[in-house]
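For reference, the structure discussed in these notes is given below.
The values are calculated or read from the model by the stated rules, or taken from the named source; none is laboratory data. Fair warning: this is a prediction, and the values are worked out from it, not measured in the lab. Every residue, glycine among them, receives a Cβ derived from its backbone with ideal geometry; neighbour counts consider all protein chains shown.
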Amino acid sequence: MTGYFKRKAEEYRALDQLDRRRYWVDGLLNNALYILMAVFIIFTAVVNKNFLSASSIANVVILAAASLPMALGIGGCIVLTGTDLSGGRVFGLTAAMAAAFLQNRMATKLIFEHLPNTTGAWIFAVLVIVMLAGAVIGLVNGFFVAKFSLHPFIVTLATQLITYGIILMFFQINGNGGGPISNVAQEFKNVVSGPVIRIASKNVSIPWYVIYAFLLVIVMWFVWNKTTFGKNMFAVGSNAEAARVSGVNVFKTTVMVHTLAGALYGFAGFVEAARLGSITAATGLNNECDAIAACVIGGVSFVGGTGNIGGIVVGVFVLRIIFVALNMLGINPNLQFIIKGAIILAACSLDMRKYLVRK
Amino acid sequence: MKKFLAIVLALAMVMSLGAVAFAAEEPDVSGLKVGVFWYAFSDAFLSTVRASLNEQLEEAGIDYDDFDANNTQATQLEQVQTAVTNGYNVLVVNLVTSGSADAAEQILQAAGDLPVIFFNRAVEGDGEEHTVLDAHENISFIGTDAPEAGHMQGQMIGEFLMENYDEVDLNGDGAISYAMFMGDAANVEAIYRTQFGVEDADAILTENGKPALVYFNESNTDKYQLDPNGAWSSAAAFDFMSTNLAEYSEANGNMIELVIANNDDMAIGAISALQAVGYNMGDGECTKIPVFGVDATQVAQDAIAADQMTGTVKQDNVGMAAAITGVLKGLAGESTMADAVSAVAESDEMFSVAEGFANKLFVAYAPFTA
């Protein structure tokens, strides 16, 4: 460790005046997001000391855990220079499915009347079902993108509309008439949104889905960094033609990235059903925008072929910290939009600057 | 041949006589082609109105089609324009931009001479009363008195607090701290509910010698938290409430003691957040923070029955649909719009014609606590 710093210090001493200045300016600009966030956090904490209390930090983690799966899914699509506009609606559909499949069997109004009792096996089966449902829509996205060389923006815009239509029909099942789907079984809540750790004295209660999100991050890190599929994804994202020439199956990789994304939206929807306990047809509206924002803030670039899981996690946290901090500061909602927009713009400009400098 | 013709003619005459006799009770609705324009199919309460209305229109044998503007006023205008060219002869419109006289005028311009029944979402904003409804012969509005739900919610809260004051005042400081969730900054119903839900409760409290409600977060001068998508969603309320609960708790002596939401969906979101930290489980053991909503959706009714929620204001979806169907039948019977409206108002005590209007029909709200 000391060797590393010594070497860095020697390198720095070897620089001339101009290069030294550039070293600091580049260093500042490349890490501007982190520096700004640090300033922002310190400022918030000074104004409102509760911001850094145990329960507040736990809250940020909990909110981030709920939006992580979606961002992890959409990140792959962005690495392929694409995007996925259908994400929010897939999330809404799978949340509705999970809620409908796991309603309290004693409830007076059920969407599906003949379903198994809420056992552990059935809860797991529903998880598989909704992830498969999400994966099917992802498969359709991937197929049209890869087969017809359509831009994902167009394909996923189309599937977003189609999925919304399916959602509206789903909410009409069994005389539900478009009302919210609710009365989610307690057994289901217990294993997803029920507390895994509870420290009453500190007012901290961590739900199970934080653990799941953590595991998911590890799995996705492995997929992105240690599997052939992950390496192929980055190869296709940087230069699809070059990847094809060097023997990567571009078609298969594209389809798989979108399918995996769909399955992750399914997972996110599953968590949402337990978390909220009441799902409406509007659930998931605009959710893909937050997920895309989190990815680009975390350095997953629309240039393609760059990004990492750690960055996505950072991006998700940045958005959630902003949400919580602006609320704790009591900032007017109108301004919150402007601040959030400015941060996304600044983060992406700084990100692109790195590539422009490199060229 | 002559004989045959005579029989046919006689038969036709008998049948037409029968039809006339029948019409005295049930108007002939076969000439109606009704377009129903909804602001958004995804809205939970209006979906229940849609289900009731579809059922009632089918029962009445009225030819109708539903259109979804998907929360965009421009889409709705285009749908109306298309419907007019497509031969619809009565338009039933759930305006997207609630409370905008201009948006309503545009719809009316597109509709030309056709009768238009606006419903649920206001066509005249604050200070614009009579500008639309009095300016046209052939139109009407069926909905709720916008401030009524807010008043009713506020009174319900005030009365509830007077009965349970010490129980609700968890930290015993003599004042009740509350959180308020607003559904949409641009919706007059939301604005009134946000205002009167607190004001009317305060009025009852101060009358009885108690201090007014205190918003839990001093630094938030708006005194409400707003769904950023204007979607009145449970997810928004959940995120806000869990953030609030991270800072405000019994351990810190500043727990939020009362939750007021503009609608039931947001109330349910807040309850989910409360449940995540061990409140409002409905098991009779844990502390229950009183949560109030509006709409009385099935979900909210279940939550109240399960002792997780305290009260809501029932907006009657079946009654709303019945009023629309009633006016449509009146129009088919060739009565004028005003006559059709007053006939419906007389048919049931839950309906009333708004004061100073001939064509504005109110469907009453009702408090719902059990």
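A few remarks follow.
- Residue satisfying condition, being out of contact with any Lys or Arg (no Cβ under 8 Å at 6 or more places or on another chain), assigned to a loop (DSSP other than H, G, I, E, B) and among the hydrophobic types (A, V, I, L, M, F, W, C), within set A:ALA100, A:ALA107: A:ALA107
- Residue in the stretch B:47-63 that is surrounded by the most Cβ atoms within 10 Å (Cβ to Cβ), counting only those that are hydroxyl-bearing (Ser, Thr, Tyr) and in contact (Cβ under 8 Å) with a residue 24 or more places away in the chain: B:THR48
- From the list B:ALA83, B:ALA69, B:ALA44, the one residue that fits, being touching a Pro at 6+ places or on another chain (Cβ under 7 Å), in contact (Cβ under 8 Å) with a residue 12 or more places away in the chain, under 24 Å from A:MET169 (Cα atoms) and not assigned by TED's automatic domain parsing to the domain that holds B:ILE191, is B:ALA44.
- Test: A:ILE129 is buried (at least 22 other Cβ atoms within 10 Å of the Cβ), in contact (Cβ under 8 Å) with a residue 12 or more places away in the chain, in contact with a Gly (Cβ under 9 Å, 6 or more places away or on another chain) and away from chain B (no Cβ under 14 Å): no
- Lone qualifier among A:ALA268, A:ALA281, A:ALA263 - being farther than 30 Å from A:ASN48 by Cα and at pLDDT below 95: A:ALA281
- Listing of helices (runs of 4 or more DSSP H) fully contained in the stretch A:251-359 that carry 2 or more residues being in contact (Cβ under 8 Å) with a residue 40 or more places away in the chain and within 12 Å of another protein chain (Cβ to nearest Cβ): A:287-297, A:309-328
- Answer residue from the stretch B:28-40, given it is more than 15 Å from B:TYR64 (Cβ to Cβ) and under 14 Å from the mean Cα position of the chain (by Cα) and is nearest to the other protein chains (Cβ to nearest Cβ) among those: B:ALA40
Condition check ((1) modelled with pLDDT under 85; (2) within 14 Å of chain B (Cβ to nearest Cβ); (3) closer than 19 Å to A:GLY310 by Cα) across all residues:
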position	(1), (2), (3)
A:LEU33	yes, no, yes
A:VAL39	no, no, no
A:ALA54	no, yes, no
A:ASN59	no, yes, no
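- Output for the stretch A:180-203, where each listed residue is outside any helix (DSSP H, G or I), among the small types (Gly, Ala, Ser) and farther than 20 Å from B:ASP283 by Cα: none
- Some residue of the stretch B:293-306 being surrounded by 23 or more Cβ atoms within 10 Å (Cβ to Cβ), of a type outside the set (Phe, Trp, Tyr), within 22 Å of B:LYS33 (Cα to Cα) and in contact with a strand residue (DSSP E or B) (Cβ under 8 Å, 6 or more places away or on another chain): no
- Within the stretch A:233-273, the set of residues being polar (S, T, N, Q) and buried (at least 19 other Cβ atoms within 10 Å of the Cβ) comprises A:THR253, A:THR254, A:THR259.
- Against the criterion of being within 25 Å of the chain's Cα centre (by Cα) and more than 20 Å from A:ALA325 (Cβ to Cβ), B:MET180 qualifies.
- Screening the stretch B:251-272 for residues that are aliphatic (A, V, I, L, M) and at the interface with another protein chain (Cβ under 9 Å from one of its Cβ atoms) and picking the one that is surrounded by the most Cβ atoms within 10 Å (Cβ to Cβ) gives B:ILE271.
- Residue in the stretch B:150-157 that is surrounded by 19 or more Cβ atoms within 10 Å (Cβ to Cβ), small (Gly, Ala, Ser) and over 15 Å from B:GLY311 (Cβ atoms) present: no
- If the condition is being at positive phi and either among the hydrophobic types (A, V, I, L, M, F, W, C) or at pLDDT below 90 (or both), then the stretch B:185-236 contributes B:GLY230, B:TRP232.
- The single condition from (1) closer than 23 Å to A:PHE51 by Cβ; (2) in contact (Cβ under 8 Å) with a residue 60 or more places away in the chain that B:ALA190 fails is (1).
- Residue count, the stretch B:251-301 (criterion: in a strand (DSSP E or B) and over 17 Å from A:SER182 (Cβ atoms)): 4
- Residue within the stretch B:88-102 that is in a helix (DSSP H, G or I), surrounded by fewer than 21 Cβ atoms within 10 Å (Cβ to Cβ) and touching a helix residue (DSSP H, G or I) at 6+ places or on another chain (Cβ under 8 Å) present: no
- Given (1) closer than 15 Å to B:MET182 by Cβ; (2) more than 7 Å from chain A (Cβ to nearest Cβ), index of the condition B:THR287 fails: (1)
- Residues of the stretch A:175-189 that are more than 8 Å from chain B (Cβ to nearest Cβ) and in contact with an Asp or Glu (Cβ under 7 Å, 6 or more places away or on another chain): none at all.
- Yes/no for B:PHE181 being outside any loop (DSSP other than H, G, I, E, B), buried (at least 21 other Cβ atoms within 10 Å of the Cβ), touching a residue at least 40 places away in the same chain (Cβ under 8 Å) and assigned by TED's automatic domain parsing to the domain that holds B:GLY154: yes
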